[in-house]
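Reviewing the structure listed below.
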Amino acid sequence: MKTPNFRQRFQYRFDTYMSRGSGAMLTGLFVISALIIFAAAALVKLTNSAPEGQGFFEIAWMSLLRTLDSGTMGGDAGSPFFLFMMLVVTFGGVFVVSALIGIINNGLEDKMDELRKGRSQVLENDHTVILGWTPQVFTVISEIILANESRKSGAVIVVLADQDKVEMEDAISERIPDTKNTRVICRSGSPIDLTDLEIASPHSARSIVVLAEGADPDTHVIKSVLAITNNPNRHAQPYHIVTQIRDPKNMDVVKMISTKDTVQPILTNELIARVVAQTSRQSGLSLVYTELMNFGGDEIYFKQEPALSGKTYGEALSAYETSTLMGIRKADGTVAMNPTMDTRIQSDDQIFVIAEDDDKIHLSGLSHAPLDESLIQINENASRSKPEKVLILGWNRSGAIIIRELDNYVSKGSQVTVVSNIDDLKHQLLLDSGKLVNQKITVQAGDIRDRGLLEKLEAAEYDHVIVLAYTHLEPQEADAITLITLLHLRDIAERDATPFSIVSEMLDLRNRELAEAAKVDDFIVSEHLISLMMAQLSENAELLGVFTDMFDPEGAEIYLKPISDYVVTGQPVNFYTVTEAARRRGETAIGYRKMSENHDAEKSYGIHTNPKKVEKVSFSAEDKLIVISEG
C-alpha cells in the first residue's frame, strides 16, 4: 500500500475537522484571525514600524479593529511597512468576516431545516398525544379543542406522524382555523419507533390517541401501543390509550400487551355495523348517537348524588330539570343504562346524565314534578312485528356483520337482498354471516348506480334500503358511487306512495353536505363516528362502559318511537309529563325528534336531546320520542 504524502494527510485531517459542523468552523476562523492579528503585531513591533511607539498589545488592538472593519485603515498614517501590514490585516479580515457571515447563514438555514423537520422534543405536561395521520385526525382535534374550552390554563395537543411537519400544520390550519385556547404542535416521526416516540413526550401526557393507518392498520396500532406500554422509559402509572381495531381476533393481542395500562380499543367494524343495522330500522338514530358523542352540545357526565341515595331510579328521572338521567354506575364499575324503575340508588353509586356541563348538573328541588295527567296516553297494544325486506346496495367488510345484527331485530321470514359488483360475494357472505335464524339471503351482481337495475329490483317494495360504501376504492370515488345511487333511490321513493327508509354510509364527512340534496333519512360517516368516540374516551375513560352498553344488542338500547304512543299530540306538553309517560312503560326519555326539521342541518336534523323539562312543546303525530328501552 502506498504511503500517503503530507498533502494527503493534511487534506484528510482538514476534511475531518470541517465535518464537525459550524462550531468547528467558527473555532478555525477564530484561530486564523488570532494568527493574523498577532503575527502582524509582532512584525510591526520587531521592525519598530509602529507610529508613536505603541506597544505590542496596542498594535494588536489596532489590527483587530481593521480585521472587523476594513474602513478603519483609511485614516492610517506611518511607515510604508506599517501601512502594508495593516493592509494585510484588512484583507485577512475581509476573508474572515465573509467566511463568518457564510457560516452563520448556513447554520441558521440548517437550524430552520431542522425545525421544519419537526424533530425537536416537545416539553409539555398533561397534554393529549395523537399518533398517526388519517382523515380522522381533524375530527379528533376539533372535538378535543371543544372539550378544552373550559380549561382556564389552556391545553396542548401534540400530533406525531410520519409526515412533513409543515404540511401537517397547513392541513390542520386549513380545516381547523380556530383552535381557541388549545395549541396544536406537530412533530415528524414514526409512532412505532421508540426514539421518535420520545419526541411527543408520551410519558407526561394525560391521554394518547392512536390512529389506525397504513395497509395493515391493526398491525400498526399494535406496534404503536407496544412502543408505549413496553417502553424502557415508561412511568409506573397506567397509560390512558384510546385506539381502534378492525379485526376482532386482534382484540386479545391488544389486551395482552396492555395489562398494566388503560387501553381502550374500539372494534370499528362491529360498532359501525350495529349502528347501520339499528339506524336502518329507526330513522335518525345515527344522529342521536352523534349528538351524544360530540362536544358541541350536551355530553354525558358521571356524578355521585347523595340526595338521591335510597330513591328508586324511576323516582330520580324527574329530579333534574336541565339534565337527563340515563342510568346508574355501581361501585364495582358495572354500568346499567335504563335499569328497572324500582332499582335503588345506593350511597356509593354514581348516576350518569346528559348535561350541558358538569357544573350544570343540579337537582331541581321540586317536591312534585308539574305533570299533566290528561295528556299522557295509555296505549298498551304493541304492534305485532312482521317479516321485513331489506335491500343492501354495495359492500364492504361491515356487510356480513350488519346482516347478523339485523337477524337480532327482524321477525322470522324476513329477506335480505345484496346487490354488488364484488366477485364471489355469495360464497364469502355465506362464510362470514354465519347461521341466520330470521332471514334469508339473496345475492345479485350488478352496478348499483344503474337506474334500470334499481327499477328492476323494485326498490320501493323494500322496507329498508342500505347503501354501503366500497371501502376498497378511494374515498372520493366510493362516495361518488354512493351519491349517484342515493339520488336514484330518492327519486324512486318520491314517486312511490309507500315510504321506505334509506340509510347510507359515507367515507368523507365533507361529502355529507352534497348528500343532503338527496334528502336521505340517515348518513353514517363511519370514520367520523369512531373519531367522536375516541375523542370522548380520551377525555373520560369511564365512558367506555356507557358506550359498550349503548351499542350492545343485549339489554337496553336507544330507540325512536312515535310520540303519539306517549302523549297527546297537537297540545303543548312539558317534558316532565313526557318523562313520566315513558317511565310508566319502563323506559327513559332522553329527547325527541321534530320531523318538520329533519332536513335542517342547523337544527341538528330535528334531534333535541336533554330538553329542559319545564318547557312546553307541541308535537305532531309524525314526531318521535327518543327513549332508552329494552325493545
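We did not get these values from a lab; they are worked out from the coordinates using the rules stated. It should be emphasised that the depicted structure is a prediction, and the values quoted were computed from it without experimental measurement. Ideal geometry is used to build each Cβ from the backbone, glycine not excepted, and the neighbour counts take in all protein chains shown.
List of remarks:
- Taking the Cα centre of the chain as origin and assigning +1 to Lys and Arg Cβ atoms and -1 to Asp and Glu Cβ atoms, the resulting dipole is close to 1660 debye.
- Using θ = phi - 60° and Karplus 6.51 cos²θ - 1.76 cosθ + 1.60, couplings along region 38-50 (whole Hz; Gly, Pro as x): 6, 5, 5, 5, 5, 5, 5, 5, 5, 8, 6, 8, 6
- Computed over neighbours whose Cβ is under 14 Å from that of Ile172, the net charge equals -2, Lys and Arg +1, Asp and Glu -1.
- The angle between the Cα long axis of helix 56-68 and the main principal axis of the chain comes to about 50°, on a 0 to 90 degree scale.
- Option label - mean projected area of the Cα convex hull in nm² computed here, alternatives (1) 37.6; (2) 58.4; (3) 45.3: (3)
- Relative exposure of Leu489, Leu43, Leu430, judged by other C-beta atoms within 10 Å (fewest first): Leu430, Leu43, Leu489
- Karplus 3J(HN,Hα) series, Hz, for region 237-254 with 6.51 cos²θ - 1.76 cosθ + 1.60 (x for Gly, Pro): 6, x, 7, 9, 10, 10, 8, 9, 10, 8, 9, x, 5, 8, 5, 5, 5, 4
- Entry note, the chain: relative contact order of 11 percent, from Cα contacts under 8 Å with a spacing of 6+ residues.
- Here region 128-260 is treated with +1 on each Lys and Arg Cβ and -1 on each Asp and Glu Cβ, and its dipole about the Cα centre works out to around 700 debye.
- Nonlocal amide H pairs with Met506, under 5 Å, H built at 1.01 Å: Ile524, Val525, Ser526
- Rounded, prolate or oblate (a/c below 1.5 giving rounded, otherwise prolate when a/b exceeds b/c) for region 116-207 by Cα gyration tensor: oblate
- Mean ellipticity per residue at 222 nm, deg cm²/dmol - from DSSP H runs of n ≥ 4 across the chain, formula -39500 (n - 2.57): -12000 deg cm²/dmol
- Using alpha-carbon coordinates, inclination of helix 165-175 to the longest axis of the chain, degrees: 40
- The ranking of Phe6, Phe57 from fewest to most other beta carbons within 10 Å of each one's beta carbon is Phe6, Phe57.
- Between the amide H of Val443 and those of Val418, distances stay under 5 Å, these residues lying 5 or more places away or on another chain, with hydrogens modeled in the peptide plane.
- Rounded to 10°, Cα long-axis angle of helix 6-18 versus longest principal axis of the chain: 40
- Region 476-494 and region 160-186: distance between their alpha carbon centers, rounded to Å: 34
- Note, ³J(HN,Hα) from phi for region 294-304, Karplus 6.51, -1.76, 1.60, rounded to Hz, x at Gly and Pro: 9, 8, x, x, 7, 10, 9, 10, 9, 7, 8
- Listed pairs Lys389/Lys561; Lys152/Lys612; Lys165/Lys223; Lys389/Lys603; Lys386/Lys561; Lys360/Lys613 exceeding 25 Å between Cα atoms: Lys152/Lys612; Lys389/Lys603
- Between the beta carbons of Arg584 and Glu174, assuming R0 = 45 Å, the FRET efficiency works out to 0.30 to the nearest 0.05.
- In terms of packing, defined here as the mean over residues of other Cβ atoms within 10 angstrom, the peptides 449-459, 216-226, 602-612 line up highest first as 216-226, 602-612, 449-459.
- Residue among Gly296, Gly284, Met256 farthest towards the positive dipole end of region 240-299, charges placed on Cβ: Met256
- Think of the chain as a dipole: +1 on every Lys or Arg Cβ, -1 on every Asp or Glu Cβ, centred on the Cα centre; then among Leu371, Leu425, Gln237, Gln237 lies furthest on the positive end.
- Given charges at Cβ of Lys, Arg, Asp, Glu: the chain dipole, positive-most of Gln346, Met595, Thr16: Thr16
- Packing, as the average of other Cβ atoms within 10 Å across residues, places the peptides 118-128, 585-595 in the order 585-595, 118-128, highest first.
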